[in-house]
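Right, one structure below, let's go through it.
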Amino acid sequence: MSDCLVSENHELKDIVDKVMKGERLSRQDAIRLYKSDDLLTVGRLAEYARARAAGAGKEKHVYYIHNMHLNPTNFCVETCRFCSYANPVEREKAYTWSVDRVLQEAGRGAALGINEIHMVGGLNPACDLNYYEEVLQAIKADYPQIHMKAFTAVEIEYLANLEGLSYEEVLQRLIKAGLGSMPGGGAEIFDEEVRERMAVKKTPAPVYLEIHGIAHKLGLKSNATMLTGISETVENKVDHMLLLREQQDKSGGFQCFIPLKCYYEGTDIEPEVHEPTAQDLLKDVAVSRLVLDNFPHIKAYWIQLGVELAQLALSFGADDMDGTIGEEKITHAAGAKTPLQLAKERMEELISSSGYQPVERDTIYNIKAVSSTAPKAVPPLQERLAVIV
Ligand code: SF4
């Protein structure tokens, strides 16, 4: 396969050989992949790695989940520059739902047959550990079938500081109340200089990684993210991935890596200076698939990428389209123009028309149903790429 993928004198030939042999890529390899102009080869290599990681019979599987997002509060004591939650206009509109209101919203999702609630919110002193225990208990009492994926490492750190408890004590109490797994948000970019420029005071890399490590030790699965478009360099992105890979070697509970991009509405960041191109976003997906050799899944988060680019990202190493979502608030507060939700049928159509097999999963990647909608024939990657980039 190596021979047919690139010629002997191709600039990436040694990296291609490493991937074919299943060897781990170095920091320098990852930087070269990012800096290569041959996007097509990087994509094909990631596609190869994706199919190999999927295992026999699942090479074309692309996963999605029937879920909803719940954001019980959009008030946040932090002031990260890239976050619309922190701007004065959003602050004026800030809401904090009662436990009953959260339960009512969950009921709307339950009526649609969702399997998962993805619940995250701002850092709000009114939403303390007791409040979240009550929320989890109330939802699990009424809808025991729904998996609660909730609380970023940032929220766990905040609750621990608010209550004077350890991260482990907070997680143990939330697990007892019904927490099923953790999302990956809040990692942003681990590099301290970028974080300083972006006024990110919360959860530095060692804390983020420690909290996920504790969660894994307690039996929770979790995800990990990386935010781009906030003045980071290629080297910052690679170092971010390497720290995650190292943590995964130790604790093993990450399921999925999710590259995210900044949306700028309501922030003072200049998109014309920092906004990633479509090529940049496809590289994030492809390079993460190749570097994070111990992460089973890479997500094409359609809410952020937009539907067309998310479809193309499936041929760049992603094997998950996230979920039907219900109503997404965070990215849309910052100007995302993607739809607020996608019906299951539409999600399956998007996956199959990209040449892949739609598979409905639960939160921890048990297969719920392999769709009867088979993968459709698609034009060669080069042609599909030319339409978008
Ligand atoms: S990114 Fe998170 S911590 Fe920062 S202001 Fe927004 S909600 Fe708060």
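The values are calculated or read from the model by the stated rules, or taken from the named source; none is laboratory data. The shown structure was predicted, so the numbers you read here are calculated from the model rather than taken from an experiment. Every residue, glycine as well, gets a Cβ built from its backbone with ideal geometry; the counts of neighbours run over all protein chains shown.
Any residue at all in the stretch 207-216 that is in a loop (DSSP other than H, G, I, E, B), within 16 Å of the ligand (Cβ to nearest atom) and at pLDDT 95 or above?
no
With the condition kept exactly as written, say whether any residue in the stretch 61-72 is surrounded by fewer than 16 Cβ atoms within 10 Å (Cβ to Cβ) and out of contact with any Asp or Glu (no Cβ under 8 Å at 6 or more places or on another chain).
Among the residues of the stretch 61-72, not one is surrounded by fewer than 16 Cβ atoms within 10 Å (Cβ to Cβ) and out of contact with any Asp or Glu (no Cβ under 8 Å at 6 or more places or on another chain), which makes the answer no.
Of everything in the stretch 217-231, what is within 14 Å of the ligand (Cβ to nearest atom) and either part of a helix (DSSP H, G or I) or under 22 Å from V170 (Cα atoms) (or both)? Give them in sequence order.
The one that is within 14 Å of the ligand (Cβ to nearest atom) and either part of a helix (DSSP H, G or I) or under 22 Å from V170 (Cα atoms) (or both): T225.
Can you tell me which residue in the stretch 237-258 is surrounded by the most Cβ atoms within 10 Å (Cβ to Cβ), limited to those that are closer than 16 Å to Q28 by Cβ and among the basic types (K, R)?
Checked the stretch 237-258; the qualifying residue surrounded by the most Cβ atoms within 10 Å (Cβ to Cβ) is K237.
Of all residues in the stretch 76-100, which are within 9 Å of the ligand (Cβ to nearest atom) and in contact with a strand residue (DSSP E or B) (Cβ under 8 Å, 6 or more places away or on another chain)?
Within the stretch 76-100, F82 is the sole residue that qualifies.
Between a residue in the stretch 371-387 that is under 15 Å from E308 (Cα atoms) and surrounded by 16 or more Cβ atoms within 10 Å (Cβ to Cβ) and any residue that is of a type in the set (S, T, N, Q) and modelled with pLDDT of 90 or more, which pairs come within a Cβ distance under 6 Å, given they are 6 or more apart or on different chains?
Partner pairs satisfying both residue conditions: L381/S315.
Out of S26, S84, which single residue is under 29 Å from T152 (Cα atoms), in contact (Cβ under 8 Å) with a residue 40 or more places away in the chain and either polar (S, T, N, Q) or surrounded by fewer than 19 Cβ atoms within 10 Å (Cβ to Cβ) (or both)?
S84
Within the stretch 74-127, work out how many residues are under 22 Å from the mean Cα position of the chain (by Cα) and of a type in the set (S, T, N, Q).
Qualifying residue count for the region: 4.
For the stretch 101-184, give me every one of the helices (runs of 4 or more DSSP H) that falls completely inside it and has 2 or more residues that are within 16 Å of the ligand (Cβ to nearest atom) and crowded, with 22+ Cβ neighbours inside 10 Å.
153-163
Determine if the stretch 32-55 includes at least one residue that is at pLDDT 95 or above, β-branched (V, I, T) and more than 18 Å from the chain's Cα centre (by Cα).
The answer is yes, given that some residue of the stretch 32-55 is at pLDDT 95 or above, β-branched (V, I, T) and more than 18 Å from the chain's Cα centre (by Cα).
Only one residue in L282, L244 is more than 22 Å from A215 (Cβ to Cβ), part of a helix (DSSP H, G or I) and in contact (Cβ under 8 Å) with a residue 40 or more places away in the chain, so which one is that?
One residue alone meets the criteria, L282.
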